Each structure stands twice: as C-alpha cells, then as structure tokens.
Amino acid sequence: MKNLKDRVIIITGGAAGIGGAMTTELTQRGACVVAVDLNQEAGKQKAASNPEQIVFLKGDISKESVAVEAVALAISKFGKLTSLVNNAHASRQKPLLELTDEDWNLSMNTGLKGTLNFMKAAYPELKKTKGSIVNFGSGAGLLGQKNQGSYAAAKEAIRGLSRVAANEWAIDGIRVNIVCPLAFTEGVKQWKENFPEQYEDIISKNPMHRFGDPQKDVAPIVAFLLSEDSQYMTGQTLMADGGDIKLR
Ligand SMILES: NC(=O)c1ccc[n+]([C@@H]2O[C@H](COP(=O)([O-])OP(=O)(O)OC[C@H]3O[C@@H](n4cnc5c(N)ncnc54)[C@H](O)[C@@H]3O)[C@@H](O)[C@H]2O)c1
C-alpha cells in the first residue's frame with residue numbers, strides 16, 4: 001500500500017515502541033520519516049534499516065530547539081514537511097499524594113510542552129503543504145486511571161490543545177487529530193511488572209481480550225489520519241484500543 005507516498009513525517013519517539021512501529025509501517029506505505037528520540041542505539045538502527053526514507057535525530061522533545069532542528073532536518077533531507085506525529089511521552093506512575101514537582105514536570109514537559117513545541121515549529125511548513133498532525137492521548141486520561149495523575153493530566157491537556165489547534169488551523173488547511181492507543185511495548189511490559197493487577201484488569205475487560213500490536217493495530221490508524229482518506233476529519237479522538245473505550 002502506498003497511500004503515504006509524498007508524505008514527510010516527523011515522529012517523536014520514532015525509534016522504539018509504538019513510534020518505532022509507526023516509522024516502519026509509514027515508510028512501508030511510501031512516506032519519509034524524521035524519527036526524533038533519546039534512544040540513540042534504536043534510532044541509529046532504525047535509520048540504517050532504510051536510509052533512503054528514515055533519518056534519525058537524537059534529542060529531548062521537551063526542548064524547543066529540538067523541535068526546530070527536526071523541522072529543519074525534514075526540509076534539508078526530504079525537501080518539505082507534510083505531517084507531524086507527537087508520540088513520545090515520559091512519565092512516572094505514583095499515587096497523587098506522592099507526586100513530586102519533578103514527576104509533574106517530566107510528564108508536562110515531554111508530553112504537553114513537547115507536543116506544543118513541535119506543533120508550533122511545524123506550523124509554517126504544514127501550512128505550505130496542507131498538513132496533518134496526530135497527537136497521542138490515552139485511555140488512562142479518559143478514565144482517570146489510578147497512579148496516573150501527572151500522565152492523565154498531560155494527556156487530557158493534549159486533547160484540549162489539539163481541539164483548539166483543529167479550530168484555529170483549519171483555515172490553513174492543517175488537520176489535528178488524536179489517537180489513544182492500547183499496544184504491547186517495552187514501556188507497557190515494565191508497567192505490567194509494577195502493576196500486574198491493573199494489566200490483568202484491562203485484558204479481562206477489553207472486548208478483544210488483548211493489547212494491540214503497535215505496527216498492525218495502531219500504525220494503520222495513524223496512517224489513515226495522515227492520508228487524504230481522512231481529509232474531512234479534524235479535532236477527533238480515535239480509540240486504537242480493541243473497543244476498550246467507546247467515545248460518545
Ligand atoms: N503502549 C500503550 O498501550 C499506550 C497506551 C496509551 C497511550 N500510549 C501513548 O502512546 C505513545 C507511545 O507509547 P509507547 O508505549 O510506545 O511508549 P514507549 O515508552 O515504549 O516509547 C516511547 C519512545 O519515546 C522515546 N522518548 C521518551 N522520552 C523522550 C524524550 N524526552 N525525548 C525524545 N524521545 C523520548 C523513548 O526513547 C521511546 O523510544 C505515548 O504517548 C504513550 O503515552 C501508549
């Protein structure tokens with residue numbers, strides 16, 4: 001399938017986890033990708049797997065300069081920027097009363113601020129190409145899952161920010177949508193070890209009784225939002241979660 005031919009996409013956290021799977025799937029669909037990640041080893045490996053279509057930028061997405069650098073790299077390497085996927089988000093799970101300023105700042109700076117930084121840096125180029133942005137939310141935010149205070153707050157703020165941008169930037173031809181995934185990654189594996197009961201609870205209640213596959217289940221939904229097939233959609237939240245949460 002080549003429905004993303006001519007797309008040049010920045011993917012934050014694009015070296016591993018769902019981001020890494022998106023880098024692989026979206027390039028297989030014809031796109032070129034700038035993968036921004038802290039994980040140098042995984043990033044280098046990803047770029048080496050397809051140097052024609054993937055370039056890696058090591059950087060912390062909470063830094064504004066990294067967003068500016070990523071946009072410049074898309075232009076210098078691939079000649080334009082058509083799409084942005086704000087996927088990376090670091091956080092720590094703790095009960096509300098144990099949350100420190102450091103915990104709060106980690107989630108807000110990588111999740112919310114990082115998303116805003118990249119949206120602002122990409123805006124002038126996306127305006128030229130009538131581009132599309134996909135930001136990442138979470139069922140943990142929608143449900144207010146225990147121990148996820150700083151994460152849930154940032155995720156719901158990202159959805160609010162995305163709806164504002166959808167309204168403000170529709171006139172520029174830029175669409176902004178949100179995906180809330182449920183997928184088995186290294187991050188989820190660690191979380192499962194710390195909170196096995198929450199993990200089992202999710203599996204038992206999920207209509208499909210499984211976590212999604214990052215490449216087969218989540219990346220194609222992002223591909224749809226970056227393609228012309230979704231050209232009449234903006235400001236929407238799409239659940240890539242096996243029917244876990246049914247938004248109304
Ligand atoms: N996996 C799930 O089931 C699930 C559920 C709900 C929401 N999400 C959301 O989906 C997205 C991807 O999740 P995942 O499970 O693949 O996460 P992950 O932790 O497995 O991978 C995230 C990637 O981002 C990178 N990263 C982390 N902090 C960074 C920073 N400051 N700068 C640059 N790169 C950084 C990591 O190196 C890693 O490659 C996140 O926004 C997450 O909150 C995931």
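Sorting L38, L97, L247, L4 by solvent-accessible area of protein heavy atoms yields L97, L38, L247, L4, largest first, with a 1.4 Å probe. Remark: the chain carries 48 Å² of accessible area per residue (probe radius 1.4 Å; ligands, DNA and RNA excluded). For A90, the residues whose amide H sits under 5 Å from its own are T110, G111, ignoring neighbours fewer than 5 places away on the same chain, with H placed 1.01 Å from N. All other residues whose Cβ lies under 14 angstrom from that of K192 are scored, Lys and Arg at +1 and Asp and Glu at -1, for a net of -3. For the chain, complete DSSP H runs whose alpha carbons reach 27 Å or more along their own long axis and whose mean Kyte-Doolittle score is -1.0 or higher are 149-169. Taken one residue at a time, the phi angles of segment 170-179 give Karplus couplings (6.51, -1.76, 1.60, θ = phi - 60°) of 4, 5, 8, x, 9, 9, 9, 10, 10, 10 Hz. Gly and Pro are set to x. For the residues K113, K80, K128, a GNM of the chain with alpha-carbon springs under 10 Å puts the largest fluctuation on K128. With a threshold of 21 Å on the Cα-Cα distance, the over-threshold entries among K44/K113; K46/K77; K77/K127; K63/K128; K5/K46; K44/K94 are K44/K113; K63/K128; K44/K94. Which residue fluctuates the most in the chain, going by a Gaussian network model with Cα springs under 10 Å, if the choices are V218, V36, V164? It is V164.
For K146, a cut-off of 14 angstrom between C-alpha atoms picks up these aspartates and glutamates, skipping any fewer than 8 places away in its own chain: E98, E197, D201.
The values are calculated or read from the model by the stated rules, or taken from the named source; none is laboratory data. This is a predicted model, so every value here is computed, not measured. FYI the Cβ positions are ideal-geometry reconstructions off the backbone, even for glycines, and counts take in every protein chain you see. Ligands, DNA and RNA are excluded from the accessible area calculation, which covers all protein heavy atoms including side chains. Shrake-Rupley method; radii C 1.70, N 1.55, O 1.52, S 1.80 Å.
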